Structures are given as C-alpha cells and as structure tokens.
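The values are calculated or read from the model by the stated rules, or taken from the named source; none is laboratory data. Just so you know, these numbers come straight off a predicted model, no measurement behind them. FYI the Cβ positions are ideal-geometry reconstructions off the backbone, even for glycines, and counts take in every protein chain you see. We work out accessible area using only protein heavy atoms, side chains counted, and drop any ligands, DNA or RNA first. Shrake-Rupley method; radii C 1.70, N 1.55, O 1.52, S 1.80 Å.
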Amino acid sequence: MLSSAILAAGLLVPSLPAIPEVARPLPLSAVRVTGGPLKRAQDLDAAYLLKLEPDRMLALFRQEAGLKPRALPYGGWDGPGKNLTGHILGHYLSAVSFMGEATGDPRFKARADYILKELKEVQETQGDGYLGALEHGKEAFWALAKGDIRTTGFDLNGLWSPWYVLHKVFAGLRDAHRHGGSPLALQLETNFAAWTEGILSGLSPSQIQSMLATEFGGMGEVLVDLYADTGNPRWLVLSRKFEHSAVLDPLKRHQDRLAGLHGNTQVPKLLGNLARYACVGDTGDGFAAGFFWDTVVQRHTWATGGHGRNEYFFDPGRMSENVEGRTAETCNVYNMLKMARRLFALRRDAPYAEFQERALFNHILASMDPMDGRTCYMVPVGSGVQHEYQDMDKDFTCCVGSGMESHALHGAGIYHESGDRLWVNLFVPSTARWEAAGLDLAQETDLPLGDSMRLSLTLREPRAFTLALRRPAWALEGFTVKVNGESVSILPAPGSYVELARTWKTGDRVELSLPKTLRLEPLADDPSRAAILWGPLVLAADLGPEEGFEAWREGAVPAMVVPEGMAPWAWLRPVLGQPGHFRTGGAGRPRDVEFSPFFALHRRSYSVYTGIFTPGAWAKRSESLCLERERQGRLQAATVAFVQPGEMQPERDFGFRGEGLVLDESRIQGRAFRRSSKWFSFTMPVDSSRPMSLAVTFLQDEWRKRTLDIRVEGRKIGEQTLDRGGTPRFFDAVYAIPEELTRGRTSVTVRFEATQQNETPAVFGVRTFRTH
C-alpha cells in the first residue's frame, strides 16, 4: 500500500487511462497549419497574444498577495471589483502554451515561463497555495470553508462565479505543463489543488451541492487531469466534490432536462465527466457525457454549430421561437469542440468529426473578424442580426478569453493515429509528422471554398498502414479518390471513412475531389425557416452594412418565395468569380439578395435562417402584413407624440432624465433603447380634449427577469414583466391614461421605475395617442 506521506506529496507517476484512446490526436507540435482561413485566424490570434502585456494581467494577483503590481491592470471583466478578475490570465496562459506548441515560436514559451515565475512568487507570498486575483477572494473562500454558503445565480458569497475564475487559472497551469512542458506549472497547480482541498474538506455533501448552484467552470475536469498527470488519487477524490447532482443525475439516466439552464455552465461539467470516464472507466460518467453531447448537437444546435439563446438552453427542438435575438455564445462552441475531439479519440465515430468541421468553419471562424482579429461574444443566427464584436483592449469577456485559445488550436483534431492507422478528419492546408510511423505528410487543399485535396507522403522507409480519409456527409455525387493517379472504385457512404490499406512509400499521393452542392436545413419545428448550406459552409444573406440597419422595419429582411419542393440550386445562382457567393434569381421578397459564406461575412447585417415560402403561404403572410400596416397607420394618425429612447436629439426634445442607466449596449436588432436599474422619464405632449393612452414598445427577448412600473404624473398606471422564453418580437403594450391626469395639461411626465430589485426591460419607444 502507498504510504500517506507519498500520497500527500504527490510523488506518483501519471496514471494509465482505464479507457484508452483508440484514435490519438497528433500533438500540436507535430502539425502546422499552412494556409487558408484557419491560418489567417491563427496569425491574428498570435499577434494579439504578443500584444497583450503579462504584467497587466498579473497586477491584481500581485496586489491580492500584498505585492506591488508591476503595471496597471486591464479593465472590463478582468478588472477590479466584482468581476471575473484573473480569468484572462488563465485563458492567456493556456493560449500561449497552445500557440507555442502549434507554431514553434519561442516567444510564446517565454511568455508562459515569465507568468509562471511571477505566479510562483505570488503563491509563495500567499503561503497556502492560493492563486487568485479576486478582490476579497480569500475572505469569501474562508467563509465558504466554515459553511457560510450564499448563492444567488452567478454569485457565491459576494463574488461573481469564483470557482469558474479559479478554474481558468488551473487550466492555464495544466496546459503550461502539458503543452509547454513546465514542471513548475505542475507544482503550482498541485499546491493550488491542496488549497482547494482544504477549503472543501469540512463541508458536508449537502453544503457542497448548495455551493455548486453557482457556476464553477471545469473544476471537475482540471482535477481529474491533475490526477492523470500525477497519479495521486486525492485529486480524483477532490474532482468528485464538483459533481453537480441536480444536473448530472438526469443525464446519467438519459433525461434531457437542460431547458432553462445556463449553457456554458453545463458544458464544462460534462467535460469533467468525460475526463473521469477516460481515466477510471466510470460508466455513469460515460453515459452522462455521451448523452449530453448527442442531445445538445441533435436537439439544441443551430446550423452553425452553436446553441442556446441569451446563453441558456431552451426546450429541446423548440427552435423556431428561439432563433431570433442573442443566440450562439462562442464559449459554448469552444467547449463543445473540446468534447467532440475527445469523444472522437475515445470512439473514432465520424459524427464527432462532422461536428468539428461544422462548428470550426462556421461559428468559430465567423467569431473572428479576419481584418483586425476582433472576436465575438454572440454569433447570432436569426434574421437581420449582427455579430457581437468585443473591444479586445477593454472588454476581456469570457469569449475574448476562449477566443485566445480557440484560434491557437486549429491544428488540433485534423489528424489522429493508432498503431496502424492515420485518420484525416479535416481538410486544412497543413503538414503533419507521424513520428511512430516515420511519416511526414503534406496536405494541400483549396477547401472550404474549393473542392480538391491532395496528400503527399514522405517516409523514412516503406511502411504498411491504413490511411482513413473522411468522406463528409455533404460529399455526394462526384466524390472521387485517387491513389497515385489511379481511381479507387469502391467508396463508402457519405459520413464515413475511405480506408486505404497498403504499403506506403515516399512520393505516394492521394487526391480527393469533394464537389459541393446547395441544400436546405430547415428548423426542426418550422420548415418555412431554413439555413442554406453549400458543402460544409453555412451561407448567410448579406443585408448591408451594420451601421444604420434596422431589422425591425418592414422589408429590411427579405424572404424567399419558391414553388414547393424546388431545390435551392434552381433559385440561387452562382456569382461569377466569387466562389461560395450566390444571388437569388427573382425569389426574394421584397428584393433579391446575395448569400455569402458566413465565415467571411463581417461588419454586415445578415440572416442565417431565412423565411422560405410557397406562393400560397406568402400570399397569406402578405395579407397579415397588410393588416399590420393598417393598424400602424391608424395608430400613427392618432399619435400626439412619439419619442425614440436612446437617441440623443429625441431624448433632449422630450426632457429625458434618469438614474441608474444601463449603458452596456446601444442598440438591439438595430433599434435604440433605454434601460435602468432605477428610473428614467420623458415629458410627453398630450391632447387634454381627448381620452389619451400610452403605448410602450418592448422586445420579448430578455435573458433574465426584468420588471417596471409606469407612472404618469407620479401615479402608477401600469406595470410590465419580461422574462426568458417566448418568441423574440417587438410589441406595443398599451396603458390608458386617466383623464384627470391630462385635464388642462399640454404635457405629462411619464416615468419608468425598476421594481423588485430588477432592471427595467428595454424600452424601444414611447407614444402618447388619442383613443377616440
């Protein structure tokens, strides 16, 4: 039996996995991305990583340890106060570790080594293994250790998702060890884990479960990985402290109860289950992880590979009422890609590679502006939407952090190997070295916009093995394979692998032809809304520049009117000289529109899901639009005054005042608005000779509960509550104004007050109008 001293010191060797990988990914150091849009994204990310200043990310770590910061800290979500302070350093440490291995550039390892040296000083000064930058973080965790557990949403003991933040640091240390080869990183991580163990040691199982109601990131995953790296079972035991029963138990029973749960809070939990399944073979962990991934991909995921609305899961399959608004958070896709790569390694099933291609070439590429490297929080998929770009020097949101890592990982998962087999999962200009087989491989391809791929082999000596080339599910008629110029006559079905078993030698080459066709992917619950795909690429309708676009105005977002059953290539015509660009030929209403590859469409308003109607269905829709125009016309004729909140001149004209104004966004779906945690008001003209009403425009697309009271001249005349759920739509709520409030007046003060400790819903328009 191992002695307690050895266990305590962690002087063990890495553990052997209970479930070995049957298709091991070639390491990042063995793969180089050499061209195409992924290389462009990698280069932009590399430049951004080298632009950032480690001392600024380390500043608040040093401050919390009582050390003098060497630079001013960054702000945004990584700034002081109640923020995710310190999370960016963790993301950054992971990213430079990945990028150093993926490029061989020593500058990235130098960045990682400097950060680790600084963290060593911080940890030694803290004296107990702690490595955090959270303001009053240690005090909050000390209270937690004593059983003082206060959880409300994303708040734990007054901190914003503190375990989530610490997870990023843990993950950075793990990756600096695994991908940067740093023994110091492993020692820092082990000391940090010992501190974590001490914090949780006195808590009961029910107290632990109460704590886990607040987002905790991938704490379970990093602790399982620490067990794998050290062989010390205490870290495996500690990982189970982050087993959230309320979420994971139903998944182990193959029950989809994800609706209403925060998306990226859940995915990292299942990454932990998947890691533990591989390490120790726990079937419950395996069931939960596999069922979760299948369920999310098959019942919750958009054509681009993203999922969710306003960061939350919705009822499975109810896509049509959730497609509009803020959909598809980038962090979620980053973590689902991690799961897909790991699941392929364990099971070598083609659907995991299919998802990787879809999510990588659509959402992840679309999440970075290829001109300047800005990344996106949300990459919406609805009608008349826009990218949610981040300020890369100020925001430092979670998706800025995961973006740092994503674009350093483009070489991951292209190639997998076993003793006698090499899988080619993605078609990306790249080189690869399969060291065990003595093989150097060069992949040349013009995909994703072209349709050809060529592999050239160089071997130290002839060797027999199987080359398994993915035939994508989209590669239908015209797909061909040639080996040294000779066609392969027997080919597998789409969505599987071409297996070429032979003795390979230097100079051998394999060529694939992968012609792409157009196809529709309708929403599961609404065939009149569909994404258009061309091979692996989602196409988006280009609706013009972002600036000034107003999706809510009639006619701004064209629909397609085509005879029932007509294939998309019959009404979408290629644009000469622009591969992947198509224009509707008379099908657009009220105008034709150009469709472009989504990953390349930036700084534009767009639609991923487009309305596609038969002529009869369009006639009915046109009739309802006509009735709505008539209603709006009557309302306009009765209007005394209308103010557009959020626009400077109208607000000045109508005596705008307010406190606690929320300024995190200026427009939603192209329309200005006001929101407050306290109140705001306007002075609105009225007609005292006629009964008057107030119409207030709201948007049914809030990601949390928001409430307000509406007061006229101090008297409450109405209230409004908006919460998650429902089809995103603008609507007018109408409130009668008592006649005694307008008698003898030419104007009244209309005040919107936040209630129940919530912010107000966004107010997009305020109108006074005559009711008779």
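Data table
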{"quantity": "Rel. contact order, % - alpha carbon contacts under 8 angstrom, at least six apart, the chain", "calculated": "11 percent"}
{"quantity": "Debye log10 I(q)/I(0) at q = 0.12, 0.17, 0.26 Å⁻¹ for the range 258-320, Cα point scatterers", "calculated": "-0.31, -0.58, -1.06"}
{"quantity": "Gyration tensor (alpha-carbon) shape descriptor, the chain, a/c threshold 1.5", "calculated": "oblate"}
{"quantity": "Total formal charge among the other residues, if their Cβ is under 12 angstrom from that of Ile612, Lys/Arg +1 and Asp/Glu -1", "calculated": "0"}
{"quantity": "Average silhouette area of the range 468-600, convex hull of alpha-carbon atoms, in square nanometres", "calculated": "11.7 nm²"}
{"quantity": "Carbon and sulfur %, accessible surface of the range 227-383 computed with the full protein complex present, 1.4 Å", "calculated": "50 percent"}
{"quantity": "Using alpha-carbon coordinates, inclination of helix 615-638 to the longest axis of the chain, degrees", "calculated": "50 degrees"}
{"quantity": "Environment charge of Glu135, counting only residues whose C-beta is closer than 11 Å and scoring Lys/Arg +1, Asp/Glu -1", "calculated": "0"}
{"quantity": "Separation of alpha-carbon centers, the range 151-208 and the range 291-307, rounded to whole Å", "calculated": "28 Å"}
{"quantity": "Probe 1.4 Å, protein heavy atoms only - accessible area per residue of the range 326-371 in square angstrom", "calculated": "22 Å²"}
{"quantity": "Residue-normalised accessible area of the range 44-99, given per residue in Å² at a 1.4 Å probe", "calculated": "33 Å²"}
{"quantity": "Angle in degrees between helix 183-200 and the longest Cα principal axis of the chain, rounded to the nearest 10", "calculated": "60 degrees"}
{"quantity": "Overall form of the range 315-446 per C-alpha gyration tensor (a/c, 1.5; a/b vs b/c)", "calculated": "prolate"}
{"quantity": "Among 677-689, 373-385, 614-626, the order from most to least packed when residues are scored by Cβ within 10 Å on average", "calculated": "373-385, 677-689, 614-626"}
{"quantity": "Net charge contributed by nearby residues that have their C-beta within less than 15 Å of Leu500 (K/R +1, D/E -1)", "calculated": "+3"}
{"quantity": "Cα point-scatterer Debye curve for the range 572-729, base-10 log of I(q)/I(0) at q = 0.14, 0.19 Å⁻¹", "calculated": "-1.02, -1.34"}
{"quantity": "Carbon/sulfur fraction of accessible area - the range 408-542, other protein chains in place, 1.4 Å, %", "calculated": "50 percent"}
{"quantity": "Cα centroid of the range 376-425 to Cα centroid of the range 689-750, whole Å", "calculated": "42 Å"}
{"quantity": "Relative contact order (%) - criterion: Cα under 8 Å, at least six apart; region: the range 565-693", "calculated": "14 percent"}
{"quantity": "Expected 222 nm ellipticity per residue - DSSP helices of 4 or more, -39500 (n - 2.57), all of the chain, to 500", "calculated": "-10500 deg cm²/dmol"}
{"quantity": "Cα centroid of the range 312-364 to Cα centroid of the range 481-537, whole Å", "calculated": "21 Å"}
{"quantity": "Heavy-atom accessible area per residue - the range 641-772, 1.4 Å, Å²", "calculated": "46 Å²"}
{"quantity": "Folded to 0 to 90 degrees: helix 219-230 orientation relative to the chain principal axis, Cα", "calculated": "10 degrees"}
{"quantity": "Three-way shape label, the range 566-641, alpha-carbon gyration tensor, a/c 1.5", "calculated": "oblate"}
